[in-house]
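All remarks here apply to the structure that follows.
The values are calculated or read from the model by the stated rules, or taken from the named source; none is laboratory data. Keep in mind it's a predicted model, so treat the numbers as computed, not measured. For neighbour counting, all protein chains shown are included, and Cβ atoms are generated from backbone atoms with ideal geometry for every residue, glycine included.
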Amino acid sequence: MKVKVHGVLRRVLKFVLFAVLAVPLFGFVVMWLWNWLMPALFGLRAIGFWQALGLVILSKILFSGFHARPGYERDWRMRFIRRWDQMTPEEREKFRAGLRSGCEPEGSSSAAPKVG
């Protein structure tokens, strides 16, 4: 039992150490990139460390979400592979045909219309 607790404690300490090092690093990298690019490209003001850290957190929220749904799979490839495995050969062929047709409207042919 003591060995298991020691292993968990070690993992928690590694995570905390990583977070303590990574969060300020990301903040400084975002601040440096912003202050290097945005004023020159778009005429925006330079930002400080805390504003950069706020941008990191905001982008995490906007682009990654909160992961509030337990068991929800974010990996679309794995979901697609599972769906593909459950398809019948006819369903697979219908899917392939839909991919081949591209974005054409329903009922239109892929051949170019003849002029003349």
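Listed values, structure above:
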quantity	calculated
Enumeration of residues in the stretch 29-67 that are touching a residue at least 12 places away in the same chain (Cβ under 8 Å) and part of a loop (DSSP other than H, G, I, E, B)	A46, I47, G48
Qualifying position, being of a type outside the set (A, V, I, L, M, F, W, C) and in contact with a Leu (Cβ under 7 Å, 6 or more places away or on another chain), among G43, G54, G27	G27
Per-region count, the stretch 68-98, residues exposed (fewer than 10 other Cβ atoms within 10 Å of the Cβ), outside any helix (DSSP H, G or I) and at pLDDT below 90	6
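Every residue, every condition in (1) surrounded by 10 or more Cβ atoms within 10 Å (Cβ to Cβ); (2) in contact with a His (Cβ under 7 Å, 6 or more places away or on another chain); (3) under 30 Å from D75 (Cβ atoms), yes or no:
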residue: K4; (1), (2), (3): no, no, yes
residue: G27; (1), (2), (3): yes, no, yes
residue: N35; (1), (2), (3): yes, no, no
residue: G43; (1), (2), (3): no, no, no
residue: Q51; (1), (2), (3): yes, no, no
residue: L55; (1), (2), (3): yes, no, yes
residue: L58; (1), (2), (3): yes, no, yes
residue: L62; (1), (2), (3): no, no, yes
